[in-house]
Amino acid sequence: MLMSVKTEMKLDPVIEKLVLHWGEMGSRWGISRMVAQIHALLHFSPKPLAADEIVEALGVARSHVSNSLKELQSWGVVKVVHVLGDRREHFQSIKDVWQLFEILLDERKRREMDPTLKMLRETQALVNDGTKVEAHTRERLKDMLEFFELMDGWFGEIRRMPLESRVKLVKWGTRIRGWLK
């Protein structure tokens, strides 16, 4: 069960629910709960927020906010914006959900799929160089490597398409499924 921490600044109940859920999901996806919560706060906030506003809203240490903002900026999902009359840096999430989803997919691929594909290729190279392995293991390795290479190639082809074409592809996917029945 998600529980809210007490903060000085009262969050809108809808934003609070989204922030708590994002944090929970982030930890399941291997992303820091704090990073995910800060992203949700910025994504659903009607205006850019300064770091001290994030600290106050979430009731967390400034250092956590600073480190999390740097990570979100390195992924390209949060950017610095300036507000007229305010000398502080403010932060804003990218708003395009398709772009956001793709950035997160790219990050997951980089963290999870790429290292696994590299390891499978290295292991296959050992087998090809004569390392003894049972036929069952050899066959499973071959199948897994073929699958990962196919998915990696497909992902690359899809990512090279313009965004509007990728959106159309997803929307057409449901119709195609119906035609294949």
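The values are calculated or read from the model by the stated rules, or taken from the named source; none is laboratory data. Only a predicted model underlies this, so the values are computations on that prediction, with no experimental measurement involved. Here Cβ is always computed from backbone atoms with ideal geometry, including for glycine, and neighbour counts include all displayed protein chains. Surface accessibility is based on the protein's heavy atoms, side chains included, excluding ligands, DNA and RNA. Shrake-Rupley method; radii C 1.70, N 1.55, O 1.52, S 1.80 Å.
Within region 48-71, if we keep just the residues that are within 24 Å of residue 13 (Cβ to Cβ) and touching a Phe, Trp or Tyr at 6+ places or on another chain (Cβ under 8 Å), the residue that is most open to solvent (accessible area, probe 1.4 Å) turns out to be 48. When we screen 104, 141, 145, 120 for residues that are assigned to a helix (DSSP H, G or I), modelled with pLDDT under 90 and surrounded by 12 or more Cβ atoms within 10 Å (Cβ to Cβ), the only hit is 104.
Kindly indicate whether any position in region 75-93 is farther than 30 Å from residue 48 by Cβ and among the aromatic types (Phe, Trp, Tyr). The answer is no; no qualifying residue exists.
Against the numbered list (1) surrounded by fewer than 14 Cβ atoms within 10 Å (Cβ to Cβ); (2) within 24 Å of the chain's Cα centre (by Cα); (3) modelled with pLDDT of 90 or more, residue 128 comes up short only at (2). Restricted to region 165-181, and to residues there that are open to solvent by 60 Å² or more (accessible area, probe 1.4 Å) and touching a helix residue (DSSP H, G or I) at 6+ places or on another chain (Cβ under 9 Å), the residue that is nearest to residue 101 (Cα to Cα) is 170. Starting from region 53-68, keep only residues that are within 14 Å of residue 26 (Cβ to Cβ), then list their pairs with residues that are part of a loop (DSSP other than H, G, I, E, B) whose Cβ atoms are within a distance under 8 Å, requiring at least 6 positions of separation or different chains. Pairs that qualify, where the first residue is within 14 Å of residue 26 (Cβ to Cβ) and the partner is part of a loop (DSSP other than H, G, I, E, B), are 58/5; 58/7; 68/32. Tell me, yes or no, whether region 8-31 has at least one residue that is at pLDDT below 95, under 15 Å from the mean Cα position of the chain (by Cα) and of a type in the set (Val, Ile, Thr). Yes, that holds for at least one residue.
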